[in-house]
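**Q** Take this structure first; my questions come after.
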Amino acid sequence: RKEVEQDPGPFNVPEGATVAFNCTYSNSASQSFFWYRQDCRKEPKLLMSVYSSGNEDGRFTAQLNRASQYISLLIRDSKLSDSATYLCVVIKINDYKLSFGAGTTVTVRA
Amino acid sequence: DTGVSQDPRHKITKRGQNVTFRCDPISEHNRLYWYRQTLGQGPEFLTYFQNEAQLEKSRLLSDRFSAERPKGSFSTLEIQRTEQGDSAMYLCASSLGSGGEYEQYFGPGTRLTVT
């Protein structure tokens, strides 16, 4: 079983819609959680960290469920510029290696 | 631009040839990482440096791969006797510290194609 699994999508949504997707992780020793964004043929960039209490950054909301070992990302009021691959990332306790999921592709259409 | 830089951005080589990639991290970052990404997958960890010391190598890093960071600044990744399976995007990242509280900043990557 892969350490981090994501629904690959693609999620094809109209502008202004809300889109949400999950990521599951297998190692209960995972301590830190992130969402990275990767545009086509570009490097990954940190979108947001995910905290136990859940957190928002503008139109983006991230949730962590440690009991069920999943992380979610919700995008409200989708913009064309939100079209990208969203990578779920975990780090185990006392570690530094980023463990990436394969990514969820989101396409926002006009 | 003071971000992570990588050179070359693209490399096409024939099977069996040796290739070397360079990464220049953000200047004050003493942690440096190499990852590899194949199509449709997320990046996978290859190796990690703290200053000039290589502290961890993934099992993905076969004997044909070697990485160095001689003065604790830039790093090189060499692949000897390249194989078609080595075709991938090689990403370098750097951070100010290790652990989840320190963001890893990625360079633009070197895309390797082995023919």
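**Q** If the only charges are +1 at each Lys and Arg Cβ and -1 at each Asp and Glu Cβ, what is the size of the charge dipole of chain A around the Cα centre, to the nearest 20 debye? It would help to have the intermediate numbers written out before the result.
**A** Values: 13 positive and 11 negative charges, 36 e Å.
For chain A, the charge dipole is close to 180 debye.
**Q** Please report the net charge: other residues with Cβ closer than 9 Å to the Cβ of B:PHE74, K and R +1, D and E -1. The partial results should precede the final answer.
**A** Working: positive: B:ARG22, B:ARG69, B:LYS71; negative: B:ASP24.
Overall, the nearby charge balance is +2.
**Q** Moving to a separate point now. Given contacts defined as C-alpha pairs under 8 Å and at least six residues apart, what's the relative contact order of the stretch A:1-100, whole-number percent? Kindly include the intermediate steps, with their values, before the conclusion.
**A** On the way: 199 pairs, mean separation 34.4, N = 100.
Result for the stretch A:1-100 is 34 percent.
**Q** With θ set to phi - 60° and the Karplus curve 6.51 cos²θ - 1.76 cosθ + 1.60, what are the ³J(HN,Hα) couplings of the stretch A:61-73 in order, to the nearest whole Hz, using x for Gly and Pro?
**A** My calculation for the stretch A:61-73 gives 10, 10, 10, 10, 10, 5, 5, 9, 6, 9, 10, 10, 9 Hz in order.
**Q** Under 5 Å between amide hydrogens, which residues at least 5 positions from A:GLN31 or on another chain qualify, with H placed 1.01 Å from N in the peptide plane?
**A** A:ILE91, A:LYS92, A:ILE93
**Q** With a Förster radius of 45 Å, plug the Cβ-Cβ distance of A:ALA110 and A:TYR51 into 1/(1 + (r/R0)^6) and report the FRET value to the nearest 0.05.
**A** On the way: r = 34 Å, r/R0 = 0.74.
Efficiency computed from Cβ-Cβ geometry: 0.85.
**Q** Still on this structure: List the pairs from A:LYS42/B:LYS71; A:LYS42/B:LYS11; A:LYS42/B:LYS57; A:LYS45/A:LYS92 whose alpha-carbon separation is above 22 Å, in the order I gave them. Walk me through the numbers before you get to the answer.
**A** On the way: A:LYS42/B:LYS71 28 Å; A:LYS42/B:LYS11 16 Å; A:LYS42/B:LYS57 25 Å; A:LYS45/A:LYS92 20 Å.
Pairs exceeding the cut-off: A:LYS42/B:LYS71; A:LYS42/B:LYS57.
**Q** Output needed: Cys residues of chain A lacking any neighbouring Cys C-beta below 4.7 Å, sorted by number.
**A** Within chain A, the cysteines lacking a partner Cβ under 4.7 Å are A:CYS40.
**Q** Each label point is 7 Å from the Cα along the Cα-to-Cβ direction; what then is the distance between the points at B:GLU101 and A:ARG59, in nm?
**A** 3.3 nm
**Q** May I pose another question? Give me the compactness ratio for the protein assembly as shown, meaning the Cα radius of gyration over 2.2 N^0.38 Å.
**A** Details: Rg = 17.7 Å, N = 225, 2.2 N^0.38 = 17.2 Å.
Output field value: 1.03.
**Q** Another question, then. List the GluC sites (Glu not before Pro) in the stretch B:1-107 that DSSP assigns to loop (not H, G, I, E or B) and whose Cβ has at most 10 other Cβ atoms within 10 Å. Which are they?
**A** Working: sites: B:GLU28, B:GLU44, B:GLU52, B:GLU56, B:GLU68, B:GLU78, B:GLU83, B:GLU101, B:GLU103; in loops: B:GLU28, B:GLU52, B:GLU83, B:GLU101, B:GLU103.
Here the sparse-neighbourhood loop sites are B:GLU28.
Coordinate-derived values only; no laboratory data. As the structure is a computational prediction, the values presented were derived from the model and not from experiment. All Cβ positions, glycine included, derive from the backbone under ideal geometry; neighbour counts span all protein chains shown.
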